[in-house]
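Report on the structure given below.
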Amino acid sequence: MSHNDRINNPIISNLTMSEEMKMNILENCKKGRRTSDNLFRYSKLLAACIAFVCICVSGVGVHAAISAVDERLKNMSDKEKNDYMELNILGADADIYTRDFTESEVERILILQEEYKNGRFPEKTIAIVENVADISDGELAVVKEDGRVHLPKDEMSDEQLLQLIDYDEKTRYTMDIASEEYTTEASITENDITETNQEQPEVESSSNSMDVNETFDFSKEMIKKYFDVDIDDSWEFSVTQNEGEVMEVNYPDYQVVYDVIFEKNGPVSEGYHLIICGDNGQLITINHNGYVTAPDTILSYEEALAKVPQGKDIVVAFIEDKLNLNADEVKIYSGFNSFMDQIQTDFCYYMVIDDTGNGYRIRWTVANEEITEIKFYYNISEEEINGGSVEYTIME
């Protein structure tokens, strides 16, 4: 796509928004890239539901099959696209739903999501209003004033749940539009830079290196190994090769790093995110995420601290079963993440150091009592483990 084609893209150019607003959206896409450490700081974030992969500066993407709802999304009016673009900018910093889903709503959403894919759409679209005071009694609505989805106090009907599913699909669709805009612009800049530089010699790859096409089967094996889940065709798959600034900042010692995503989208979302080193085929991080893994509640520090020994028992069983480690031959540390001088009690982190110097950081969701992430450190010293936002204490 040429520079002029990008500007004349009818989806983008027909939106009645300022250039500053467009740039804010594109910048949010750039900053919205997933990270393994801060995915779900708040309970039930819509960010856990809106699962799209933003390909940063010259990344290479491989995407799943086109959804059956594409025609509906492409027929969104300019006003509706504009509303969604504006909502994408807001990015609320708290729970974006005004209440949790009931068990019945979760069960029906999972069924209705499949029916939506097969063409069952809501009779009306979700209401988008300026202020909370504009919401009618019992109405499901998105409020621009606070960027939140206001759920009715009573149990939602199937029609309202379909509106919520429709809203989620349209949110991801408009975010993808902005992501494509940013990716094209970044690619143009990158190409301009490349043309002025001399050709660089190819880096010799290791015999254990992994090609992007090998990530699919490898990732499925890792999800089965660590979470005992079989990935079937109901999961959407994407893989991105990190390049540019992302590599320089996060992976300065590597040549090739892949981000792999398996996900089920919708208001009740679920996903697995893997980071794999292409140089040697080693797994760097694997986590289980989405609405289904978000903490049921956030405990006080005293409540969370009291559960740390219980979490250790679960971690010990995990490392013996999944990592083939002897708990008597490792050192185990525990700690909580600190953010802006506030201790975050949604997760407890356990750092396991074996006798070879390898480390395994295991994230345990305290309220749900579930392991949701494993991060691998190849050759780490005990002095290095307290270099981040988690302050670890050795456990007896």
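All of the numbers you see were taken from the coordinates with simple rules; none came from a lab. Keep in mind the model is a prediction, meaning the values are calculated, not measured. Note that each Cβ is placed from the backbone with ideal geometry, even for glycine, and that neighbours are counted across all protein chains shown.
Data for the structure
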{"item": "Segment N379-V292, extension gain: residue separation times 0.36 nm, minus the distance between their alpha carbons", "result": "28.0 nm"}
{"item": "Against the rule of thumb 2.2 N^0.38 Å, how large the Cα Rg of segment 90-166 comes out", "result": "1.09"}
{"item": "Theoretical gain in end-to-end length, E370 to F121 [0.36 nm per residue, Cα-Cα removed]", "result": "86.1 nm"}
{"item": "E396-N213 FRET efficiency (beta carbon distance; Förster radius 51 Å; 0.05 resolution)", "result": "0.65"}
{"item": "Extension gain, D355 back to D328 (0.36 nm per residue minus Cα-Cα distance, nm)", "result": "8.7 nm"}
{"item": "Greater than 21 Å apart at Cα, pairs in K79/K153; K220/K375; K322/K375; K224/K375", "result": "K79/K153"}
{"item": "Rounded, prolate or oblate (a/c below 1.5 giving rounded, otherwise prolate when a/b exceeds b/c) for segment 290-396 by Cα gyration tensor", "result": "prolate"}
{"item": "Packing-based ranking, highest mean first, of 163-176, 330-343, 140-153 given that Cβ atoms within 10 Å are counted", "result": "163-176, 140-153, 330-343"}
{"item": "Simple spin-label estimate for E71 and K153 in nanometres, 7 Å along Cα-Cβ", "result": "4.2"}
{"item": "Gyration tensor verdict on segment 215-281 (Cα atoms; rounded if a/c is under 1.5, prolate if a/b is larger than b/c, oblate otherwise)", "result": "prolate"}
